[in-house]
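Structure record follows, encoded as structure tokens.
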Amino acid sequence: SDPSKSSLPSQSQQHQCEHSDTTYELANATFVMLVRNSDLEGTISSIRALEDRFNSRFGYPYVLLNNEPFTEEFKRRVSVLVRSKIEFGLIPKEHWSQPDWIDEENAAKARKQMIATNVKYGGSVSYRNMCRFNSGFFYRHELLQKYKWYWRVEPNVKFYCDIHLDPFRYMEENNKIYGFTITVYEISATIRTLWSIVTEFVERYPEYIATDNAMGFISDDHGKTYNRCHFWSNFEIANMDFWRGEAYTAFFEHLDSKGGFYYERWGDAPVHSIAAALFLKRDQIHFFDEIGYQHDDWGHCPIPDEIWEKGRCSCSQKGSFDYDLSSCKPRWDRFVNS
Ligand code: GDP
Ligand code: MN
């Protein structure tokens, strides 16, 4: 054999399947969970579901991140669940705090106003730190440097169907960069100035805008206004090199410099989604229909019978969020078919 022909990157792992002699080559990928020590039970529940429906047959590793040190008890209770590698990381302070140059008086005024108008998490600084971290920093964490692909997982989510196909390998082999299961409308009060700031970026850096992009999904008037559709980022399967790349780095810098993570309450979901829609080709964004998934009140259940049966899904197709009034999936369908 010719070693120069090996396509294995140095970090790639191989996993011996239990009942076969063939070696399955895993993608250079990991699960990523941002959690608090108090999320222990929810973390266990999500990992258990993921292992049962997918990962016990594949053995992808996990990276758990926290802005505070994980307790020994947390690490012990979680490590026991999986055979694959699991690492626990601390987030550096600079990646998880309101920058000094933010005018705290303005930021506090915005929080007060949002509390008064009942905007979800409107009064929370830690939620804002979280959104900013997920927007611009998680993929820079030292434990994630060795990985290219990630699957974001939150505590207390459900996976309803057997996942036969390896989503990471699927993404890699089909030239996909960003994958989602649920798409919804953002709350306008949290992103008052976001679109005008995005527009400024687009005008300043036209070279970053992809031909054949997905602007048609997030704007109904060729970019004049944002229709607030975004991919729900509590679930993401994506390529971190996209976030690490030139376009997104410039984009995040531009957004961050305006202070909207604190003066407003920009979420990582619209930030990621707008970037994916503008800097990627439309067919690099993938809808994972076969991944039945639940986060809080909303869940995706595969509606086509053959997918639902193949996955032995435990969800009701009737309960799927896909065609709910708050779902952007109908727009996605129209966009894809346009
Ligand atoms: P929602 O999905 O927007 O309702 O927000 P969540 O409360 O679920 O938070 C999103 C993710 O960030 C989840 O994975 C949480 O566990 C995590 N998270 C939120 N706040 C904190 C925090 O202060 N510290 C840590 N370590 N994780 C957090
Ligand atoms: Mn959540």
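The values are calculated or read from the model by the stated rules, or taken from the named source; none is laboratory data. Just so we're clear, the structure is a prediction, and the values are computed from it rather than from any experiment. Heads up, the Cβs are rebuilt from the backbone with ideal geometry, glycines too, and the neighbour counts pull from every protein chain shown. Just the protein is used for accessible areas: all its heavy atoms, side chains included, with ligands, DNA and RNA removed. Shrake-Rupley method; radii C 1.70, N 1.55, O 1.52, S 1.80 Å.
Look at the dipole of the range 24-336 built from charges on Cβ: of GLY245, THR190, VAL336, the Cα furthest out on the positive end belongs to THR190. Across ARG77, ARG140, ARG132, mean-square fluctuation computed from a Gaussian network of the chain (C-alpha pairs under 10 Å connected) peaks at ARG77. Rolling a 1.4 Å probe over the heavy atoms of the protein chains gives the chain an accessible area of 47 Å² per residue. Solvent-accessible area of the chain (1.4 angstrom probe, protein heavy atoms only): carbon and sulfur portion equals 49 percent. Close amide-amide hydrogen proximity is noted between ASN213 and ARG282, each under 5 Å apart and 5 or more residues distant or on a separate chain (H modeled in the peptide plane; Pro and chain starts excluded).
ASP324 exposes around 60 Å² of accessible area when a 1.4 Å probe is run over every protein chain in place. In this structure the amide hydrogen of PHE88, modeled in the peptide plane, comes within under 5 Å of the amide hydrogens of LEU64, none closer than 5 places in sequence on its chain. Angle between the Cα long axis of helix 104-116 and the longest principal axis of the chain, 0 to 90 degrees, nearest 10? Orientation of helix 104-116: about 80 degrees from the principal axis. For the range 290-334, the dipole from Cβ point charges (+1 on Lys and Arg, -1 on Asp and Glu) about the Cα centre works out to 100 debye, to the nearest 20. With a threshold of 26 Å on the Cα-Cα distance, the over-threshold entries among LYS85/LYS281; LYS75/LYS329; LYS224/LYS281; LYS112/LYS329; LYS85/LYS148 are LYS85/LYS281; LYS75/LYS329; LYS112/LYS329. The range 144-245 gives an Rg/Rh value of 0.99, both radii derived from C-alpha positions and Rh following Kirkwood. Per-residue accessible area (protein heavy atoms, 1.4 Å probe) orders SER233, SER196, SER124 as SER196, SER124, SER233, starting from the largest. Using just its DSSP H runs of length 4 or more, each adding -39500 (n - 2.57), the chain gives a mean residue ellipticity at 222 nm of -9500 deg cm²/dmol after division by all residues.
Axis of helix 194-204 versus longest Cα principal axis of the chain: the two differ by about 90°, to the nearest ten degrees. Summary of packing: across the peptides 312-322, 52-62, 90-100, 32-42, the per-residue average of other C-beta atoms within 10 Å ranks them, highest first, as 52-62, 32-42, 312-322, 90-100.
Relative to the first principal axis of the alpha-carbon coordinates of the chain, what is the inclination of helix 40-53, with its axis defined by its Cα atoms, in degrees from 0 to 90 and to the nearest 10? The answer is roughly 50 degrees. The string of couplings for the range 290-302 from the Karplus curve (6.51, -1.76, 1.60, θ = phi - 60°) is 6, 8, x, 8, 10, 10, 6, 7, 10, x, 9, 10, x Hz, one whole number per residue in order, with x for Gly and Pro. Here the chain is assigned +1 on the Cβ of each Lys and Arg and -1 on the Cβ of each Asp and Glu. Its dipole about the Cα centre then comes out at about 500 debye. TYR127 contributes about 50 Å² of solvent-accessible surface, heavy atoms of the protein only, 1.4 Å probe. For the chain, the C-alpha radius of gyration sits at 1.00 times the compact-globule guess of 2.2 N^0.38 Å, with N the residue count.
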